[in-house]
Amino acid sequence: MVEIEKEQLRMLQKIELEILLEVDRICRKNHIHYTLTGGTLLGAVRHGGFIPWDDDADISMLRSEYQKFQQACRTDLDTERFYFQDIEHTPGYRWGYGKIRRKDSIFLRENQEGMPYEQGIFLDVFPRDGVPDGLVMRNLHTFFVMQ
């Protein structure tokens, strides 16, 4: 595991906040609902910002909101500073969720150095899908999602 020095981590978090503010601007403009999630939510509640050692930022939204967000990024994202990546529009991208990345930055995760796409500092955007209540339908849903 590669350790990030305290000053570098703080700089990284400031850029992630910049990305989050851009996402918030787009979501407000387009009436898209999202929530902080994971360590980003925990940091906001417990630390009033980032968890001091956290090196990423995460939001989530319902799938329908995520689809609106994908579209909104095409028209409203400040492409002078940011770019959006997802499996549908980024060759070689392999994640089932999107990332907003800061242009003119590099943030390589350990064991992801060989990915065939740009790897700037990022914010993860997780789509959330509903799952059926019944056991049979839930198993069918799981089967098709895992394909």
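Only protein atoms count toward the accessible area here, which uses a 1.4 Å probe; on region 1-111, the carbon and sulfur part of that area reaches 54 percent.
Ranked from largest to smallest solvent-accessible area, with a 1.4 Å probe on the protein heavy atoms, THR90, THR142 come out as THR142, THR90. Across region 130-143, coupling constants 3J(HN,Hα) worked out from phi with the 6.51/-1.76/1.60 Karplus curve, θ = phi - 60°, read x, 10, x, 6, x, 4, 5, 5, 5, 5, 4, 4, 4, 4 Hz, and Gly and Pro carry x. Calculated on C-alpha atoms, the gyration radius of region 55-101 divided by its Kirkwood radius gives an Rg/Rh of 0.94. Spherically averaged projected area of the convex hull of Cα atoms, region 1-73: 5.5 nm². For region 1-140, the solvent-accessible area works out to 61 Å² per residue, with a probe of 1.4 Å and every protein chain left in place. The GNM of the chain, with springs linking C-alpha atoms under 10 angstrom apart, assigns the highest mean-square fluctuation among GLY134, GLY43, GLY92 to GLY134. Largest mean-square fluctuation among LYS68, LYS103, LYS29, in a Gaussian network model of the chain whose springs join Cα atoms under 10 Å apart, belongs to LYS29. Rounded to the nearest 10 degrees, what's the angle between the helix 63-76 long axis and the longest principal axis of the chain, both from Cα atoms, 0 to 90? So the helix axis and the longest Cα principal axis differ by about 40 degrees. Taking amide H as placed 1.01 Å from N in the peptide plane, PHE126 has its amide H under 5 Å from the amide H of ILE59, SER60, MET61, each at least 5 places away in sequence or on another chain. Per-residue Karplus couplings for region 123-129, computed as 6.51 cos²θ - 1.76 cosθ + 1.60 with θ equal to phi - 60°, are listed in order as 10, 7, 10, 9, x, 10, 10 Hz, Gly and Pro entered as x.
Here the chain carries DSSP beta bridges of which approximately 65% are antiparallel, counting only pairs with both residues inside. Farthest towards the positive end of the charge dipole of region 15-147, among the residues VAL131, GLN71, ILE15, is the Cα of VAL131, using unit charges on the Cβ of Lys, Arg, Asp and Glu.
The values are calculated or read from the model by the stated rules, or taken from the named source; none is laboratory data. Everything numeric in this text was worked out from a predicted model, so none of it was measured. Backbone-built Cβ (ideal geometry, glycine too); neighbour counts: all protein chains shown. Note: areas computed on protein heavy atoms with side chains; ligands, DNA, RNA excluded. Shrake-Rupley method; radii C 1.70, N 1.55, O 1.52, S 1.80 Å.
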